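Only one structure is covered here, and it is reproduced in the block below.
The values are calculated or read from the model by the stated rules, or taken from the named source; none is laboratory data. These numbers come from a predicted model, not from an experiment. For neighbour counting, all protein chains shown are included, and Cβ atoms are generated from backbone atoms with ideal geometry for every residue, glycine included.
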Amino acid sequence: MSVTAKTLCEDEFFYGHKACAGCGGSLAVRVALKVLGERAVAVLPAGCMSAVGFNFPQLCFGNNAIISTFAGTASMLTGIEAGLRAQGITDFQAVGFAGDGGTADIGLQALSGAIDRNDDILYICYDNEAYMNTGIQKSSLTPFGAKTTTTPVGKNIRGNLRPKKNMFEIVAAHGIPYAATASIGYLNDFLRKVEKASKIKGTKYIHIIAPCPTGWGTATDMTVEIAKEVVDCGLWYLAEYENGVYTLNYEPKQFTDPAEYLKKQGRFKHLTEEDIQTITASRDAKWEQIYKTFQIN
Amino acid sequence: MKPFLREKIPVALSEIPETPAYEAGYLVTKNAGWRNIRPVINKEMCVGCLQCYLYCPDGVIFKKDGKVAIDYDFCKGCGICKRICKLGAIEMEAEK
Amino acid sequence: MAKKFLSGNEAFAEGIRLARPQVISAYPITPQTIVVERLSEMVEDGSLKAEFIHVESEHSALSCAMGASAVGARAFTATSSQGLLYMVECLVYASGGRFPIVMMNANRSTALPWNIYGDQRDSIALLDSGWIQSYAENAQEALDLALMSYYIAEHKNVSTPYMANLDGFVLTHTYEVVDVPTQEQADAFLPRFETENKLDFAHPRNLGFSAGPDHNTQFKYKEHLGLLRVREIVNEAEARFAEIFGRRYTGLTENYRTKDADFILVTLGSISGLVREVVDGLREKNIKAGLLRLRYLRPFPDEEIVRALSGAKAAAVLEKDISFGGDGTVYTNVTAALQKAGVRLPVSDYIVGLGGRNISAEEIEQIFEELKRGAVKTVFLGIGGEDA
């Protein structure tokens, strides 16, 4: 029986932070730390969660926590894990919380190195689909069509032209002991995955979609619903990779309409019918690939 | 246990740590001023399902007497709790 | 103590083994490789109990060392040239975070053009990164600095990372007979690493935080003070070292026949041995030559320089670096120290040994010859015609 709202540790380890109201990333960090508890040592690279949580003398992490360099989440986790183990301390969890840019762009090399060494760390990517801390610039996890401040919508180009990088599959391709996707719209699934990961030795990776009301152009109270909807319409999926086997955790019987999901967000309001068809077609292609890769019939 | 408000704000050189390392969970400011609406829990309707507690990005909803209560010092008024509550036990009211 | 025939890299690795680092993270680059190869062998054969982390880049090497240091573990890394430049972000991060990591840097030219041989532009370009910087002359000093580096860096009044520089190839790959202390001696010299600047389960902390305009200057001032305190801690470390190992060093600088010298050459690193020989030769010809060797560039030994040079008629700086569009950086620092102290004498700047270019005794003699004329100029040796 995995941890739920009722059994979750009542302590709060991420509190009083200055994240925007309705921030999805802060929710992911908060509940993951509640699962991991006071023996978690958190590493956060330059990015939203470090910017809102570590402004001396307002220090919002109740557990041991440190900001790493932007590219250095995984490598600093490695050093923390090795340094504690070298001192005979083993009852802890080194956990990183990096955004999409910090993970899929500038931090990818260090993450790949850590997985290659199979360092005993948990790496959580809170994916809000752009460089939100610096003011909504495109990252390699920004979805097709999204308007950001570096993929503007004009006469010639309408937002981001490239699809999201397949981080989950990239990580899995290393032969990592455990990788999973999640969404802050389905927190029970996330809680279970964090708990499971914390009990596995070696490198663990969880990629959680965490909407950003500021960058996505949504109301602050819509964060959780939009994070549910992205799964329900099939533009994101809940899966695991363990011991070389992929598992789909949630298979919507029928997808909801992606147009509904997209139209709720300011960053997509320029999309044409044709754009939406492109997105829907690429969703279907992605699911075909999921069924094939995951060997699901 | 959670980070909490302190009275002392380090200002003088002698109060600043020698290195950038300081007590975890040291808070000196509230977030209450960010809010123009506040969630109010209807204790009659609340059944203590804890979904609002689980989904609050700021962790300001806590268990109390089998139900929940809110730390208004740190609530930003985002309204996620109201939308998550299936029983309609949370209303957003304008701050005066 | 055992006598061994070791290269500079190997001697440094022996010194690090004796210092018992708990985490070593390194990425290979010529001419640093041998130091990390030896350390990995020591870990393999059990003579060094450390976690050896095969990182995928220099940036990760230092980031990993910071993670280890941030939980109170003694950490080591080594690099050179482009590798040092690749980790620059982490250099300032480690000094700002006050993590007393020790890093060996095999001084090597920086691209472009590509060149694997020794000059000191790599480390000297990073004098402002907040690290202690030492420059060894020979393999024995390299080993001894490896041991002393942790004593100095980890001292509670310092808590600052330490970059131990060894001239690429000329020192890293040249073999000498070296006294290798016993582990008992090393343990008697070097205390365990104790710090409050760490993540700690008994006292949870937040590290590496932001500090806005209201507090930033105070943190940076404290960082500056930490580096300045190295002056006294170097002396303390060397006195303790002499007691245990019987070898005495001379602080931030080493004076060689400077007391009554009219003409003094200021230099650093392995070239000092040759300069010393030239000084001896000139003394036999009744020319009052002297050598001031800078053992440390950070903290900068300005008082020592002023004391050594204030009685001279002229001086020159011999350095393997150039701040393009300015002067050699060592020269700029030396002349600033003299200016601050109100000491006036002609000082010239000789830019030598770039990309490993050989420097001959004759050239050094010629520099002393030119000093007699009392000119102040910046000269590049090695451009042909010597008309710069």
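Only residues that are crowded, with 24+ Cβ neighbours inside 10 Å and in a loop (DSSP other than H, G, I, E, B) were counted across segment A:121-135, and they come to 5.
Can you tell me which of C:172, C:182 is closer than 25 Å to residue C:33 by Cα, in the same structural domain as residue C:77 (by TED's automatic domain parsing), surrounded by fewer than 20 Cβ atoms within 10 Å (Cβ to Cβ) and at pLDDT 95 or above? Before the answer, list the steps.
Details: C:172 fails: surrounded by fewer than 20 Cβ atoms within 10 Å (Cβ to Cβ).
Of the residues listed, the single one that is closer than 25 Å to residue C:33 by Cα, in the same structural domain as residue C:77 (by TED's automatic domain parsing), surrounded by fewer than 20 Cβ atoms within 10 Å (Cβ to Cβ) and at pLDDT 95 or above is C:182.
If you filter segment B:32-81 down to residues that are of a type in the set (S, T, N, Q) and either closer than 14 Å to residue B:95 by Cα or more than 8 Å from every other protein chain (Cβ to nearest Cβ) (or both), you find that the one that is surrounded by the fewest Cβ atoms within 10 Å (Cβ to Cβ) is B:36. For the residues B:88, B:66, B:48, B:79, the requirement of being under 16 Å from the mean Cα position of the chain (by Cα) and of a type in the set (Gly, Ala, Ser) singles out B:79. Of all the numbered requirements in (1) within 20 Å of residue A:30 (Cα to Cα); (2) β-branched (Val, Ile, Thr); (3) crowded, with 24+ Cβ neighbours inside 10 Å, residue A:203 misses one, and that requirement is (1).
Scanning segment A:59-93 for residues that are buried (at least 23 other Cβ atoms within 10 Å of the Cβ), over 26 Å from residue B:12 (Cα atoms) and among the aliphatic types (A, V, I, L, M) yields A:71, A:74, A:76, A:77, A:80, A:82, A:84. Identify the residue in segment C:16-34 that is within 24 Å of residue C:71 (Cβ to Cβ) and under 18 Å from the mean Cα position of the chain (by Cα) and, among all such residues, is surrounded by the most Cβ atoms within 10 Å (Cβ to Cβ). Result: C:16. Right, residue A:228: of a type in the set (D, E, K, R) and out of contact with any helix residue (DSSP H, G or I) (no Cβ under 7 Å at 6 or more places or on another chain) or not? For residue A:228, the condition - of a type in the set (D, E, K, R) and out of contact with any helix residue (DSSP H, G or I) (no Cβ under 7 Å at 6 or more places or on another chain) - is met.
Among the residues of segment A:157-165, is there at least one that is surrounded by 20 or more Cβ atoms within 10 Å (Cβ to Cβ) and in contact with a helix residue (DSSP H, G or I) (Cβ under 7 Å, 6 or more places away or on another chain)?
no
Could you list, in sequence order, the residues of segment C:230-286 that are at positive phi and touching a residue at least 40 places away in the same chain (Cβ under 8 Å)? Correct list: C:251, C:269. Whether a residue is surrounded by 14 or more Cβ atoms within 10 Å (Cβ to Cβ), in contact (Cβ under 8 Å) with a residue 60 or more places away in the chain and of a type in the set (Asp, Glu) was assessed, and residue C:223 passes this test.
Only one of the numbered conditions (1) within 9 Å of chain C (Cβ to nearest Cβ); (2) under 20 Å from residue A:194 (Cβ atoms) is violated by residue A:100, and that is (1). Of the strands (runs of 3 or more DSSP E) lying entirely inside segment B:27-83, those containing at least 1 residues that are touching a helix residue (DSSP H, G or I) at 6+ places or on another chain (Cβ under 9 Å), under 18 Å from residue A:6 (Cβ atoms) and charged (D, E, K, R) are B:61-64.
Residue-by-condition table, conditions (1) more than 10 Å from chain A (Cβ to nearest Cβ); (2) part of a helix (DSSP H, G or I); (3) buried (at least 18 other Cβ atoms within 10 Å of the Cβ); (4) basic (Lys, Arg):
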position: C:73; (1), (2), (3), (4): no, no, yes, no
position: C:91; (1), (2), (3), (4): yes, yes, yes, no
position: C:106; (1), (2), (3), (4): yes, no, yes, no
position: C:114; (1), (2), (3), (4): yes, no, no, no
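When A:224, A:231, A:194 are screened for being touching a Pro at 6+ places or on another chain (Cβ under 9 Å), outside any loop (DSSP other than H, G, I, E, B) and within 14 Å of chain B (Cβ to nearest Cβ), only A:224 passes.
Taking segment A:261-275 as the range and being in a helix (DSSP H, G or I) and farther than 12 Å from residue A:235 by Cα as the test, the residues that pass are A:263, A:266, A:267, A:268, A:273, A:274, A:275.
Residues satisfying the criterion are present in segment C:312-321 (criterion: of a type outside the set (Asp, Glu) and within 17 Å of residue C:126 (Cα to Cα)). For segment A:94-119, a residue qualifies if it is of a type in the set (Asp, Glu) and surrounded by fewer than 22 Cβ atoms within 10 Å (Cβ to Cβ), and the qualifying residues are A:105, A:116.
For segment C:116-141, the set of residues classified as more than 13 Å from the chain's Cα centre (by Cα) and closer than 14 Å to residue C:83 by Cβ consists of C:116 only. Would you mind stating whether residue C:121 is in contact with a Ser or Thr (Cβ under 9 Å, 6 or more places away or on another chain) and over 27 Å from residue C:198 (Cα atoms)? Yes.
Residue by residue, here is whether (1) in contact with a strand residue (DSSP E or B) (Cβ under 9 Å, 6 or more places away or on another chain); (2) surrounded by fewer than 20 Cβ atoms within 10 Å (Cβ to Cβ); (3) not charged (D, E, K, R) holds:
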residue: C:148; (1), (2), (3): yes, no, yes
residue: C:163; (1), (2), (3): yes, no, yes
residue: C:187; (1), (2), (3): no, yes, no
residue: C:205; (1), (2), (3): yes, no, no
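Selection within segment B:82-94: residues that are more than 13 Å from residue B:55 (Cα to Cα) and touching a strand residue (DSSP E or B) at 6+ places or on another chain (Cβ under 8 Å). The member of this set that is nearest to the other protein chains (Cβ to nearest Cβ) is B:92. Here residue C:122 fits the description: free of Cβ contacts under 8 Å to residues at least 60 places away in the same chain, of a type in the set (Asp, Glu), crowded, with 20+ Cβ neighbours inside 10 Å and away from chain B (no Cβ under 14 Å). Among the residues making up segment A:1-40, those that are out of contact with any helix residue (DSSP H, G or I) (no Cβ under 6 Å at 6 or more places or on another chain), facing chain B (nearest Cβ under 7 Å) and over 18 Å from residue A:189 (Cβ atoms) are A:10, A:11, A:12, A:15, A:16, A:23, A:26. Taken over segment A:41-58, residues that are more than 12 Å from residue A:133 (Cβ to Cβ), more than 7 Å from chain C (Cβ to nearest Cβ) and either surrounded by fewer than 24 Cβ atoms within 10 Å (Cβ to Cβ) or more than 18 Å from the chain's Cα centre (by Cα) (or both) amount to 2. Among the residues of segment B:1-22, the one identified as of a type in the set (Phe, Trp, Tyr) and facing another protein chain (nearest Cβ under 7 Å) is B:22.
From the list C:140, C:82, which one is part of a helix (DSSP H, G or I), away from every other protein chain (no Cβ under 14 Å) and in contact with a strand residue (DSSP E or B) (Cβ under 8 Å, 6 or more places away or on another chain)?
Working: C:82 fails: in contact with a strand residue (DSSP E or B) (Cβ under 8 Å, 6 or more places away or on another chain).
Unique residue meeting the criteria: C:140.
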